[in-house]
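Everything below concerns the one structure shown next.
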Amino acid sequence: MILVMGHIKLAAGEGAKIADTLIAHMAACAAEDGCEFYNLALDLVDPDLIRISERWASPEAIAAHGQAEHQKAFGRALRAYTVEQVSVKAYDGSFWRTLMGE
C-alpha cells in the first residue's frame, strides 16, 4: 500500500476558484485501477490550501497514475493559479488498527 499526503498552497482568494477542477480530478483518479482512496480538500482554516490524501494498492498503480492523461491535465490546470508552495510525499504503509468507528 502506498499512502500519499501533501498540500498545494495557492495565492489568496484562489482556493474558491479551483473547487470544480478538484472535484473533476478526484472523480477521474478514483476510477483508476489501484486507486483505493483519493481526496483533495480545501482546508477549513486556510481556504487557499489544498490538502492531498491518497491510498494506492501498489507502486505500479501510483506510477501509472503519474502518467495518466488526466493527471497531466491537472498539472496544466494548476498553471492558471499562483502556486505558492507544494509538497507531496509518498509512504509505504500497511494497516495497523482501527482507531475509531468501524
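Here are some notes:
- Computed 3J(HN,Hα) for segment 2-9, one whole-Hz value per residue from the Karplus formula 6.51 cos²θ - 1.76 cosθ + 1.60 where θ = phi - 60°, is 10, 10, 10, 10, x, 7, 10, 9, glycine and proline marked x.
- Accessible surface computed residue by residue for the chain, with neighbouring protein chains in place and a 1.4 Å probe, gives 64 Å² per residue.
- The string of couplings for segment 22-39 from the Karplus curve (6.51, -1.76, 1.60, θ = phi - 60°) is 5, 4, 5, 5, 4, 5, 5, 5, 4, 7, 6, 4, x, 7, 9, 6, 8, 9 Hz, one whole number per residue in order, with x for Gly and Pro.
- Label of the coordinate-derived value, volume of the Cα convex hull per residue in Å³, listed as [x] 126; [y] 113; [z] 135: [y]
- 3J(HN,Hα) from dihedral phi, segment 62-79, Karplus parametrisation 6.51/-1.76/1.60, rounded to Hz, x for glycine, proline: 6, 5, 5, 4, x, 9, 5, 4, 5, 5, 5, 5, 4, x, 5, 5, 5, 5
- Per atom type, the chain shows carbon and sulfur on 57% of its accessible surface, probed at 1.4 Å.
- Label point distance in nm, Ala11-Glu69, each placed 7 Å from Cα along Cα→Cβ: 3.1
- This model, with +1 at the C-beta of Lys and Arg and -1 at the C-beta of Asp and Glu, gives the chain a dipole about its Cα centre of some 220 debye.
- Length released on extending from Ala77 to Phe37, taking residue separation times 0.36 nm less the Cα-Cα span: 12.2 nm
- Net charge of neighbours whose Cβ lies under 15 Å from the Cβ of Ile62, counting Lys and Arg as +1 and Asp and Glu as -1: -3
- With helices as the sole contributors, the chain gives -9000 deg cm²/dmol at 222 nm; each DSSP H run of n ≥ 4 counts as -39500 (n - 2.57), and the sum is divided by every residue.
The values are calculated or read from the model by the stated rules, or taken from the named source; none is laboratory data. Bear in mind the structure is a predicted one, so any value in this text is a computation, not a measurement. Heads up, the Cβs are rebuilt from the backbone with ideal geometry, glycines too, and the neighbour counts pull from every protein chain shown. Keep in mind that these areas ignore ligands, DNA and RNA; they rest on the heavy atoms of the full protein, side chains included. Shrake-Rupley method; radii C 1.70, N 1.55, O 1.52, S 1.80 Å.
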